[in-house]
Amino acid sequence: MWAIAQFSLLKMRESAFYLLMIVAALICVFTNTADPVSEQIAKGSLFSYAFSGDVRTTSIAMGSCVALIISILIASFYGSSEIPSDINTGVILVILSKPVGRFNYLLGKYIAIVLMGYAIFAFLQLVLFISSRFLGIGVIPYNSWEMAVRQFVPALILLPLIAVNITFSIMGGALGAMIFTALYLIFSIIIAFVPLTMAIFPEGMIPYLDEILFVAHYLFLNPLFYFHDTAAMGLPLTALVFYSLSTAAFFLLTSIYLLFTTDLNAAQ
């Protein structure tokens, strides 16, 4: 498993990857001069309740949001092509001919992509810290532990999202995975705002709505959970970690089933 992960991470040593990181760092530093996310949401609007709770927490810097978007894009692009490439070239058959099962293969790929996504995000956060603390660029100084943790909480979404991306890559190949992942995120955002929309209607108007949404938010991620200010500490943060891990586990189990039922020789 670890050998598979290490082999997959070798692509991070390519010169194109370093150039991409430089461009991403410049974009994050530039966007970090904007107001934090919570300050750009109109107070008193319906959408403000998607991000605001009953406690006061530090804001999420705009640069951190851009860093997360970049991490998601790169991890999704890499995750979409990794397993389909191994299947199409027959590399997976060579790997599986060794004492490596399909479960360890898939888990190794998942770990590699997760490590890549978080490495990119951590690097961009380091750039934001240096630029804001020593160069005075950016509205968030990153000068407290609470503020640092607040920037990293939304990155928990990488855990289930990468699992979703791997599932789609096995189902539809590299191009299909990128398209379906994008559609999945769009539909997840729509589902996430359903409870806010239904809040304006009388309670109990739709029977079993809470139960339906509970199931829907496990099949379709709720991105709002990761940006809500109550998720920055204590029990809500613990629940968010459990939600992320359990959702990732669900899609990884689906991926394992698909990999076990896929004829790997058919692509040859």
> Among the residues of the stretch 91-103, is there at least one that is β-branched (Val, Ile, Thr) and surrounded by fewer than 14 Cβ atoms within 10 Å (Cβ to Cβ)?
Replying inline: yes
> Any idea which of 239, 231 is in contact with a helix residue (DSSP H, G or I) (Cβ under 7 Å, 6 or more places away or on another chain) and either assigned to a helix (DSSP H, G or I) or of a type in the set (D, E, K, R) (or both)?
Replying inline: 231
>> Out of the residues in the stretch 190-216 meeting the condition of being surrounded by fewer than 14 Cβ atoms within 10 Å (Cβ to Cβ) and within 27 Å of residue 258 (Cβ to Cβ), tell me which one is modelled with the highest pLDDT.
In response: 190
> Among (1) surrounded by 21 or more Cβ atoms within 10 Å (Cβ to Cβ); (2) modelled with pLDDT under 90; (3) closer than 22 Å to residue 20 by Cβ, where does residue 86 come up short?
Replying inline: (3)
> Can you name every residue in the stretch 129-141 that is in contact with a Ser or Thr (Cβ under 7 Å, 6 or more places away or on another chain) and surrounded by 18 or more Cβ atoms within 10 Å (Cβ to Cβ)?
Replying inline: 138, 140
> Do we have residue 219 as modelled with pLDDT of 85 or more and closer than 19 Å to residue 72 by Cα here?
Replying inline: no
> Which condition breaks for residue 59 when tested against (1) at positive phi; (2) at pLDDT below 80?
Replying inline: (1)
> (1) at pLDDT 85 or above; (2) not in a helix (DSSP H, G or I): which one isn't true of residue 67, the others all being true?
Replying inline: (2)
>> Quick check on residue 120: is it crowded, with 16+ Cβ neighbours inside 10 Å and of a type in the set (Val, Ile, Thr)?
In response: yes
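The values are calculated or read from the model by the stated rules, or taken from the named source; none is laboratory data. Keep in mind it's a predicted model, so treat the numbers as computed, not measured. Cβ sites come from the backbone with ideal geometry, for glycine too, and all protein chains shown count toward neighbours.
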